[in-house]
Amino acid sequence: TSYTFSKNYVANIKSRIRLDRITDDSLSHLFTNLLIDHIIPHWLGTPWSFQGHTSIPRSGEIACGYFVSTTLKDVGFNLNRYTFAQQLPINEGKTLSLGSPLLEINSNSTTERIAILRDKLKEGIYFIGFDQSHVGYIQKKNCELFVIHSNYIGAEGVVIERIEDSQVFSYYRRIYIADISRNRALLSKWVRKMCI
């Protein structure tokens with residue numbers, strides 16, 4: 001299907017959500033499904049560049065911050081993808097957390113960082129900020145962790161990779177995590193088309 005079709009499908013599903021009739025778990029699952037299954041797959045293989053800010057998957061290049069801001073916009077968040085993408089990772093996380101504390105991990109050990117994430121994260125999708133220079137998503141699915149980002153290494157571009165296989169994840173000792181799919185206040189803004 002075309003990207004336009006997928007965006008319209010997501011918007012149609014979102015327009016039918018009744019916040020007073022949906023549980024937190026159902027809303028989390030629905031949002032994760034729409035982002036992971038209907039928006040992000042179109043972007044896989046779109047090359048990375050530092051200045052990349054295409055809004056069309058696999059056409060042009062996309063920097064890490066623009067990958068996050070564009071996919072959030074296209075799943076239906078009311079945000080300015082330029083101003084969002086140009087923030088420091090910690091500030092992008094704070095924008096999404098809406099005042100909830102970020103999970104901040106500072107450890108030289110990749111194994112330890114992964115163990116903390118396995119312990120702390122529930123199934124769903126999260127924003128991850130890498131120190132002061134890189135951003136993406138973390139998905140926890142069936143107890144596995146995946147990094148979804150526009151990978152700057154070799155300008156590879158948008159990938160989904162197991163966290164154990166992610167070179168980028170292994171490079172950064174300090175990371176910031178903001179809950180997206182289990183943040184009811186954030187998803188209420190998503191459903192109501194309110195600015196974030």
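Restricting to segment 121-132, what's the tally of residues that are outside any strand (DSSP E or B) and surrounded by 13 or more Cβ atoms within 10 Å (Cβ to Cβ)? If you could, list the steps in order and put the result at the bottom.
Step one: of segment 121-132, the residues outside any strand (DSSP E or B) are 121-123, 131-132.
With the extra rule that they be surrounded by 13 or more Cβ atoms within 10 Å (Cβ to Cβ), the set shrinks to 121, 123, 131.
Number of matching residues: 3.
Per-residue answers, yes or no, for (1) of a type in the set (A, V, I, L, M); (2) in contact with a helix residue (DSSP H, G or I) (Cβ under 6 Å, 6 or more places away or on another chain); (3) not in a loop (DSSP other than H, G, I, E, B):
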residue	(1), (2), (3)
5	no, no, yes
13	yes, no, yes
17	yes, yes, no
26	no, no, yes
33	no, no, yes
36	yes, no, yes
39	yes, yes, yes
47	no, yes, no
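Of all residues in segment 136-150, which are assigned to a strand (DSSP E or B) and open to solvent by 10 Å² or more (accessible area, probe 1.4 Å)? Working first, answer last.
Just the residues of segment 136-150 that are assigned to a strand (DSSP E or B), to begin with: 136-141, 144-150.
Of everything in segment 136-150, those that are assigned to a strand (DSSP E or B) and open to solvent by 10 Å² or more (accessible area, probe 1.4 Å) turn out to be 139, 140, 141, 144, 146.
Could you pull out the residue among 121, 98 that is farther than 27 Å from residue 41 by Cβ and not β-branched (Val, Ile, Thr)?
Numbers: 121 fails: farther than 27 Å from residue 41 by Cβ.
98 is the lone residue from the list that is farther than 27 Å from residue 41 by Cβ and not β-branched (Val, Ile, Thr).
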(request) Please go through segment 83-120 and pick out each residue that is open to solvent by 40 Å² or more (accessible area, probe 1.4 Å), among the basic types (Lys, Arg) and farther than 28 Å from residue 191 by Cβ. (result) 118
(message) With the requirement that a residue be over 17 Å from the mean Cα position of the chain (by Cα) and either closer than 18 Å to residue 91 by Cα or in a strand (DSSP E or B) (or both), what does segment 174-194 give you?
(response) 174
(message) I'm checking my understanding of the structure. Among residues of segment 61-82 that are open to solvent by 20 Å² or more (accessible area, probe 1.4 Å), in contact (Cβ under 8 Å) with a residue 12 or more places away in the chain and outside any helix (DSSP H, G or I), which one is nearest to residue 156 (Cα to Cα)?
(response) 61
(request) Give 15, 55 a once-over and let me know the one that is among the hydroxyl-bearing types (Ser, Thr, Tyr) and touching a residue at least 24 places away in the same chain (Cβ under 8 Å). (result) 55
(request) For segment 80-102, name all the residues that are touching a helix residue (DSSP H, G or I) at 6+ places or on another chain (Cβ under 6 Å) and farther than 14 Å from residue 178 by Cα. (result) 81, 84, 85
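Would you point out the residue of segment 151-172, among those that are open to solvent by less than 50 Å² (accessible area, probe 1.4 Å) and at positive phi, that is modelled with the highest pLDDT? Let's see the steps before the verdict.
So the first thing to find is which residues in segment 151-172 are open to solvent by less than 50 Å² (accessible area, probe 1.4 Å), and the list is 151, 153, 155, 157-159, 161, 163, 166, 168-169, 172.
Going one step further and asking which of them are at positive phi, we end up with 155, 157.
Details: 155: 95, 157: 98.
The selected residue is 157.
The values are calculated or read from the model by the stated rules, or taken from the named source; none is laboratory data. Every value quoted in this text rests on a predicted model; they were computed, and no experiment measured them. So basically every Cβ, Gly included, is an ideal-geometry build from the backbone, and we count neighbours across all protein chains shown. The protein model used for the area step is the full one, side chains on, heavy atoms only, and it has no ligands, DNA or RNA in it. Shrake-Rupley method; radii C 1.70, N 1.55, O 1.52, S 1.80 Å.
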